[in-house]
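The values are calculated or read from the model by the stated rules, or taken from the named source; none is laboratory data. Given the structure is predicted, the values throughout are model-derived calculations rather than measurements. Please note: Cβ atoms are built from the backbone with ideal geometry, for glycine as well, and neighbour counts cover all protein chains shown. Surface areas here come from the heavy atoms of the whole protein model, side chains and all, with no ligands, DNA or RNA. Shrake-Rupley method; radii C 1.70, N 1.55, O 1.52, S 1.80 Å.
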There are 2 protein chains.
Amino acid sequence: MTPEQEAAMIANIRQFNRFYTMQLGLLQQHVFDSEYSLTEMRVIYEVHFNHQTTATGIREALNIDAGYLSRLLRNFEKKGLVIKHPLPEDGRSSYLQLTARGRKLMAQMNERSDVQIRQMLEGLTAQQRRQVGNAMNRVRGLLKAPGGQPRLEDVEIRHGLQPGDVGDIIRVHGQVYAEEYQYDLRFEQYVTETLHEFLPTYNPAKDRVWLATCFGELAGMIAIIHKGRGRAQLRWFLIRPAFRGIGLGKALMQEAMAFCRTQRFREVYLLTTNQQQTAAGLYVKAGFVKTASTPQHLWGQDVYEERYELKMPTGN
Amino acid sequence: MTPEQEAAMIANIRQFNRFYTMQLGLLQQHVFDSEYSLTEMRVIYEVHFNHQTTATGIREALNIDAGYLSRLLRNFEKKGLVIKHPLPEDGRSSYLQLTARGRKLMAQMNERSDVQIRQMLEGLTAQQRRQVGNAMNRVRGLLKAPGGQPRLEDVEIRHGLQPGDVGDIIRVHGQVYAEEYQYDLRFEQYVTETLHEFLPTYNPAKDRVWLATCFGELAGMIAIIHKGRGRAQLRWFLIRPAFRGIGLGKALMQEAMAFCRTQRFREVYLLTTNQQQTAAGLYVKAGFVKTASTPQHLWGQDVYEERYELKMPTGN
DNA sequence: CACAATTAGTTGATTTTGTCAACTAATTTA
DNA sequence: TAAATTAGTTGACAAAATCAACTAATTGTG
């Protein structure tokens with residue numbers, strides 16, 4: 001990056017900071033017309049979030065004056081929002097905890113915050129809202145904030161191809177395999193070919209492509225393609241690294257298997273290589289058995305191309 | 001979107017708000033250890049940014065007490081940061097302007113803000129930094145902030161296909177044409193086919209694909225494909241709606257034409273439809289002439305397929 | 001056109017918010 | 001065991017923000 005580009009980029013972030021400061025309405029000292037100041041609410045939040053924290057813990061987290069904090073806490077105690085539990089191992093400190101009343105206040109504040117957020121999102125389509133969330137998660141994830149791990153509940157699994165999906169499937173395959181196995185352009189070309197070959201025969205009644213998205217961002221995918229005579233091929237099974245370890249692979253595999261059962265496929269097969277170890281585990285767990293392994297030079301790599309097969313239990 | 005998903009999404013944004021409040025260090029009332037408070041700096045910034053604004057303008061923009069602002073401004077005037085120009089048409093108001101000293105203070109603050117931003121980006125790769133900027137722009141753009149229009153200086157034009165580029169080209173074509181002309185999956189299939197057809201013959205010495213990216217996000221693209229006997233085809237020329245009107249199409253076209261000249265192509269042609277009016281303008285400006293127009297039923301649409309040709313000036 | 005109503009900005013009085021330094025008491029270090 | 005450190009408290013005070021009463025210019029209205 002040239003110095004000019006870096007300066008442009010920093011100016012851009014500075015603008016975002018100003019914009020977002022405005023958006024948050026952080027200049028108002030009384031949050032959401034409550035009787036509590038921003039600082040007070042931040043203390044309440046800190047007590048709630050870091051359970052079993054002490055005054056010093058809060059002081060360090062929020063970087064506020066010890067004397068000021070002392071008074072704030074005494075006030076909260078007087079109002080019955082916070083309760084102190086003296087520490088047995090240190091007579092100077094106390095654990096802090098929200099009372100039921102304090103938690104109720106928190107909940108109220110969250111509600112008001114939600115109102116603010118809803119206003120912010122007003123006039124946006126569902127897709128755009130997802131994009132906002134997604135972009136925020138990206139900022140937060142990149143700036144190494146805690147809690148950046150996506151949750152399975154936030155991942156939406158849908159099927160059917162919408163505009164951009166075909167390209168997105170290819171893009172994610174190209175990027176992930178380049179990053180993880182140093183596959184080159186030839187691999188992305190291969191994926192393009194598989195989709196080009198599939199699309200003209202795509203029959204939504206017999207073929208199904210599932211896309212897992214998280215706030216609009218493609219998180220993973222899987223597909224079942226009918227091959228005639230009760231056979232089907234499982235394709236394009238991939239979970240992006242950031243979304244691994246949350247059970248998404250399993251969820252997608254379950255969708256695919258459920259579809260295979262309703263379609264009464266007798267046999268499902270798939271092709272992969274010996275390098276895709278994590279996926280292989282999921283194949284085996286789903287009942288697939290490795291039936292062939294042949295050395296190949298594919299996409300500039302020496303790999304074993306492997307074939308897995310699954311005999312479906314014939315329901316009666 | 002189900003109510004549960006909406007709640008999850010709002011909770012997610014709330015978390016981002018808390019995270020970013022923290023990130024900005026907005027609880028500190030003295031910005032960057034200066035002798036000025038956050039509010040004071042926001043006033044200075046507002047005077048700088050909205051030139052020829054009045055006290056009321058600032059009061060409305062920042063939503064602060066009129067009396068408080070009055071005192072702040074008097075103080076700034078006393079310190080020689082701001083100057084008042086009485087309004088001829090209204091004896092009660094004055095235009096506000098930063099003095100040279102006030103602008104110097106602004107610049108200093110920007111520098112300190114830049115330091116903060118650099119710290120924030122510390123430890124990120126160039127690509128990750130671009131992603132942060134990109135994601136912020138997306139948030140800002142979606143939440144309809146002013147100044148959301150990207151700048152041509154922030155757009156990087158590169159050539160050569162990197163992992164994910166092929167998929168991204170297809171994805172953007174699919175999405176943009178679906179949004180603007182209601183083309184369906186068949187169009188994305190067609191684009192996939194064109195790339196599938198091109199890739200095996202791709203010769204970086206004779207073919208060139210340019211990608212315009214803005215903080216990591218694909219903004220537009222163009223390609224020149226050699227066809228033998230001094231002929232070449234211009235393909236995949238597209239600017240995403242958000243990046244139109246900033247001269248990006250022109251810049252990409254110039255790159256392409258310059259390449260055609262160095263390659264000494266005698267003739268360049270392209271295929272498009274009568275629906276792509278904006279692009280057609282750029283083709284004509286670059287010297288292309290429409291040579292054929294045939295009615296077709298393509299991708300579920302009745303269109304005229306048009307052919308444009310450009311005879312290259314033979315340099316000696 | 002005159003007079004009431006409104007608007008832009010100012011000023012005094014006051015409250016809220018945050019800071020600093022001196023302090024106590026418990027705990028740790030030397 | 002004494003000195004140093006740490007957690008938290010308190011008093012004095014400064015800075016930031018609010019409220020209400022005010023002036024002067026401008027606008028609206030009968």
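Convert 10 °C to kelvin, take the viscosity as 1.306 mPa s, use the Kirkwood radius over C-alpha pairs of region A:140-295 as Rh, and evaluate the Stokes-Einstein diffusion coefficient in µm²/s, rounded to a whole number.
Values: Rh = 16.4 Å.
Rounded to a whole number, D works out at 97 µm²/s.
Of the heavy-atom accessible surface of region A:155-311 (probe 1.4 angstrom), what whole percent is carbon and sulfur?
On the way: 3250 of 6810 Å².
With neighbouring chains kept in place, the figure for region A:155-311 is 48 percent.
Amide H to amide H under 5 Å from A:GLY220: which residues, 5+ apart in sequence or cross-chain, H placed 1.01 Å off N in plane?
Hits under the 5 Å cutoff: A:ALA212, A:ARG240.
Quick one: grab the alpha carbon gyration tensor of region A:204-315, order the square roots of its eigenvalues as a ≥ b ≥ c, and give me rounded if a/c is under 1.5, else prolate or oblate depending on whether a/b is larger than b/c. Working shown, then result.
Values: a/c = 1.68, a/b = 1.03, b/c = 1.63.
Verdict is oblate for region A:204-315.
Would you kindly state how much longer the chain becomes between A:ALA100 and A:LYS144 on full extension, computed as 0.36 nm times their sequence separation minus their alpha carbon distance, in nm to one decimal?
Working: separation 44, 0.36 × 44 = 15.84 nm, distance 3.27 nm.
Extra length from A:ALA100 to A:LYS144 when fully extended: 12.6 nm.
Please compute the average number of Cβ atoms from other chains found within 10 Å of each residue's Cβ in peptide A:157-167. The partial results should precede the final answer.
Details: counts 0, 0, 0, 1, 5, 5, 14, 13, 6, 10, 15.
The per-residue average across the peptide is 6.
Note the full-extension length gain between A:ARG231 and A:ARG266 as 0.36 nm times their separation in residues minus their Cα-Cα distance, in nm to one decimal. Before the final figure, lay out the partial values.
Working: separation 35, 0.36 × 35 = 12.60 nm, distance 0.60 nm.
Fully extending the segment from A:ARG231 to A:ARG266 adds 12.0 nm.
Which shape class, rounded, prolate or oblate, goes with chain B when its Cα gyration tensor gives a ≥ b ≥ c as root eigenvalues, a/c under 1.5 marks rounded, and past that a/b bigger than b/c marks prolate? Numbers along the way, then the final one.
Numbers: a/c = 2.45, a/b = 2.09, b/c = 1.17.
Because a/c hits 1.5 or more and a/b exceeds b/c, chain B counts as prolate.
Send over the semi-axes of the protein assembly as shown's equivalent ellipsoid, whole angstrom and largest first, taken as the square roots of 5 times the C-alpha gyration tensor eigenvalues. Please list the in-between numbers first.
Values: eigenvalues 505, 275, 83 Å².
Semi-axis lengths for the protein assembly as shown are 50, 37, 20 Å.
Quick one: Cα centre-to-centre distance for region A:26-90 and region B:165-241, in angstrom?
Here the two parts' Cα centres lie 56 Å apart.
For region B:155-311, calculate the relative contact order in percent as a whole number, restricting contacts to Cα pairs under 8 Å that are 6 or more residues apart. Kindly include the intermediate steps, with their values, before the conclusion.
Details: 227 pairs, mean separation 30.8, N = 157.
So the answer I get is 20 percent.
If you roll a 1.4 Å probe over the heavy atoms of the protein chains, what accessible area per residue do you get for the protein assembly as shown, in Å²?
Numbers: 31430 Å² over 632 residues.
About 50 Å² of surface per residue is accessible.
Provide, for q = 0.13, 0.22 Å⁻¹, the log10 of I(q)/I(0) from a solvent-free Debye sum over equal Cα point scatterers in region A:166-230.
One equal scatterer on each Cα of region A:166-230 leads to -0.41, -1.00.
Between the label point of A:THR99 and that of the same position in each other copy, find the distances and list them shortest first in nm, with every label point placed 7 Å from Cα along the Cα-to-C-beta direction.
Computed spacing set for this position: 5.4 nm.
Report, in order of residue number, the helices in chain A meeting two criteria: a C-alpha extent of 30 Å or more along the helix axis, and a mean Kyte-Doolittle hydropathy of at least -1.0; treat each whole DSSP H run as one helix.
Details: long enough: A:3-24 (31 Å, -0.43); A:100-121 (31 Å, -0.84).
Correct list, ordered by number: A:3-24, A:100-121.
What do you reckon, how do A:VAL115, B:VAL47 stack up by accessible area (1.4 Å probe), largest on top? Walk me through the numbers on the way to the answer.
Values: A:VAL115 80, B:VAL47 5 Å².
The ranking, largest first, comes out as A:VAL115, B:VAL47.
Report the B-A buried area as the accessible area lost on both sides summed, probe 1.4 Å, in Å² to the nearest 100. Provide the component values of the computation, followed by the final result.
Working: alone 19670 and 19660 Å², together 31430 Å².
The buried area between B and A, both sides summed, comes to about 7900 Å².
Note the distances from A:GLU305 to each other copy's matching label point, with points 7 Å along the Cα-to-beta-carbon direction, in nm, sorted shortest first.
3.3
Any idea what the B:ARG14 label distances to the other copies are, label 7 Å down the Cα→Cβ vector, nm, shortest first?
3.4
Heavy atoms of the protein only, probe of 1.4 Å, neighbouring chains included. What is the accessible area of B:GLU305 in Å², nearest 10?
60
Sort A:212-220, B:193-201 for me by packing, meaning the mean count of neighbouring Cβ atoms within 10 Å per residue, highest on top. Present the calculation step by step, with values, prior to reporting the outcome.
Details: A:212-220: 22.3, B:193-201: 16.2.
The most tightly packed comes first, giving A:212-220, B:193-201.
Counting alpha carbon pairs within less than 8 Å and at least 6 residues apart, what relative contact order, in whole percent, applies to region A:80-232?
Values: 125 pairs, mean separation 31.1, N = 153.
Here the relative contact order equals 20 percent.
With every protein chain present, what accessible area does B:PHE49 have (1.4 Å probe, heavy atoms only), rounded to the nearest 10 Å²?
Here the residue's solvent-accessible area equals roughly 120 Å².
Measure up B:LYS144/B:LYS285; B:LYS84/B:LYS104; A:LYS227/B:LYS227; B:LYS84/B:LYS144; A:LYS206/A:LYS311 against 25 Å on the Cα-Cα distance and list the ones that go over. Don't skip to the end; give the middle numbers.
Working: B:LYS144/B:LYS285 33 Å; B:LYS84/B:LYS104 18 Å; A:LYS227/B:LYS227 37 Å; B:LYS84/B:LYS144 32 Å; A:LYS206/A:LYS311 18 Å.
Where the Cα-Cα span goes over 25 Å, the pairs concerned are B:LYS144/B:LYS285; A:LYS227/B:LYS227; B:LYS84/B:LYS144.
Residues with beta-carbon under 10 Å from that of A:LEU271, excluding A:LEU271: net charge, scoring Lys, Arg +1 and Asp, Glu -1? Intermediate results must be reported in sequence, preceding the final value.
Values: positive: A:ARG235, A:ARG307; negative: A:GLU305, A:GLU306.
Net charge around A:LEU271: 0.
Provide the net charge surrounding B:LEU143, with neighbours chosen by a C-beta distance below 12 Å and charges set as Lys +1, Arg +1, Asp -1, Glu -1.
Details: positive: A:ARG129, B:ARG138, B:ARG140, B:LYS144; negative: A:GLU122.
Result for the neighbourhood of B:LEU143: +3.
Leaving ligands, DNA and RNA out of it, work out the accessible area of B:LYS206 with a 1.4 Å probe and give it in Å² to the nearest 10.
B:LYS206 exposes around 100 Å² with every protein chain in place.
Counting partner chain Cβ atoms within 10 Å of every residue's Cβ in A:172-179, what's the average?
Working: counts 4, 4, 8, 6, 2, 2, 3, 2.
Rounded to a whole number, the mean comes out at 4.
Among A:ASN110, A:ASN12, A:ASN134, whose mean-square fluctuation peaks in a Gaussian network model of chain A (Cα, cutoff 10 Å)?
A:ASN12
Relative contact order (percent) for region A:15-81, with alpha-carbon contacts under 8 angstrom and 6 or more residues of separation? It would help to have the intermediate numbers written out before the result.
Working: 22 pairs, mean separation 11.1, N = 67.
Answer for region A:15-81 is 17 percent.
Over region B:1-152, what percent of the accessible surface lies on carbon and sulfur atoms, probe 1.4 Å? Could you put the intermediate results ahead of the total?
Numbers: 4010 of 8270 Å².
Heavy-atom surface of region B:1-152 belonging to carbon and sulfur, 1.4 Å probe: 48 percent.
Take the Cα pairs of region B:74-165, get the Kirkwood Rh, then feed it into Stokes-Einstein at 25 °C and 0.890 mPa s and tell me D in µm²/s. Intermediate values should be presented prior to the final figure.
Numbers: Rh = 17.6 Å.
It comes out at roughly 140 µm²/s.
Mind putting together the pair-distance distribution for region A:3-120? All Cα pairs, 10 Å bins, whole percent per bin, short to long.
12, 36, 27, 16, 8, 1
Under a Cβ-Cβ cut-off of 12 Å, what is the net charge of the residues other than B:ALA126 that fall near it, where Lys and Arg count +1 and Asp and Glu count -1?
Details: positive: B:ARG129, B:ARG130; negative: A:GLU6, B:GLU156.
In short, 0.
Between A:ARG229, A:ARG140, A:ARG158, where does the largest GNM mean-square fluctuation fall for chain A, given springs only between Cα atoms within less than 10 Å?
Greatest mean-square fluctuation among the candidates belongs to A:ARG229.
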